[in-house]
Amino acid sequence: MERTCVGCRASVEASELVRLVLGPDGSLAADPRGGAIGRGAWVHPTQECVRRAVPRGVSHALKTNVKATADALLTELAAAGRRRALALIASAGRAKKAAAGATAVTEAIEHGLAEVVVVATDARAGAELPLVAAALAHDQAVRFGTKAELGTALGRGDIGVVAILDQGISASLKRATALLELPSPRQARGSKDAIVTETG
Ligand SMILES: [Zn+2]
């Protein structure tokens, strides 16, 4: 299913874009799961495309005067992405599709079971494990949340590193965490460790 980004006008798979939904008062809200009812427009989850899209691109696409600012929407996108990512990690835990902690994660990677590895932003040791470092380098890992947040999502104490073993949850998780970074393409090329969730 292809959709056009109202920021850069490129037609890409809808899964690469985020849907923005128009409220009755002309406001815009992010719809990270893409299922909200209402008129909407699609945009890349990047600073550059959101700034081009809001409010002008969306107003044009929906033929109405949108009352929203790019800054407010970027903040909302980041918050929505964070909530969604934590919910996804929790659901992976409930489905027994999460391996938590250095030993379990290393084992999961070795057996080819880790679809994505989540490394807490305050977990140095986790990121330094050789296999986790390799996963980070190959876009198979995301830096997200704190040890306390990851632990809470899994109903445990602090967790520095988690492997998600389910393909669908992992794909959704990568999209959700991409909303947190909101990289511009320039930053994504220039920085080696800021962006690990960029998928294109
Ligand atoms: Zn775009």
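The values are calculated or read from the model by the stated rules, or taken from the named source; none is laboratory data. These numbers were taken from a predicted model, which means no experiment stands behind them. Here Cβ is always computed from backbone atoms with ideal geometry, including for glycine, and neighbour counts include all displayed protein chains.
May I ask you to say which residue of V6, V18 is surrounded by 19 or more Cβ atoms within 10 Å (Cβ to Cβ) and either modelled with pLDDT of 90 or more or more than 16 Å from A178 (Cβ to Cβ) (or both)?
V6
Can you tell me how many residues within segment 113-161 are under 18 Å from G81 (Cα atoms), surrounded by 23 or more Cβ atoms within 10 Å (Cβ to Cβ) and among the β-branched types (V, I, T)?
Summing the residues that are under 18 Å from G81 (Cα atoms), surrounded by 23 or more Cβ atoms within 10 Å (Cβ to Cβ) and among the β-branched types (V, I, T) in segment 113-161 gives 5.
Picking from T46, T64, which residue would you name as being assigned by TED's automatic domain parsing to the domain that holds A10 and crowded, with 18+ Cβ neighbours inside 10 Å?
Testing whether each residue is assigned by TED's automatic domain parsing to the domain that holds A10 and crowded, with 18+ Cβ neighbours inside 10 Å leaves just T46.
Does any residue of segment 66-77 turn out to be on the phi > 0 side of the Ramachandran plot and more than 15 Å from the ligand (Cβ to nearest atom)?
For segment 66-77, residues on the phi > 0 side of the Ramachandran plot and more than 15 Å from the ligand (Cβ to nearest atom): absent.
So the check is Cβ under 8 Å with 6+ separation or different chains; which pairs have a first residue in segment 55-75 that's free of Cβ contacts under 8 Å to residues at least 24 places away in the same chain and a second one that's part of a helix (DSSP H, G or I)?
Once the first residue is free of Cβ contacts under 8 Å to residues at least 24 places away in the same chain and sits in segment 55-75, its partners that are part of a helix (DSSP H, G or I) give T69/V54; T69/P55; A70/V50; A70/R51; A70/A53; A70/V54; A70/P55.
Regarding segment 85-105, can at least one residue be identified that is within 14 Å of the ligand (Cβ to nearest atom) and crowded, with 18+ Cβ neighbours inside 10 Å?
no
Can we say V142 is out of contact with any Ser or Thr (no Cβ under 9 Å at 6 or more places or on another chain) and of a type in the set (V, I, T)?
Considered against the rule, which asks whether it is out of contact with any Ser or Thr (no Cβ under 9 Å at 6 or more places or on another chain) and of a type in the set (V, I, T), V142 comes out as no.
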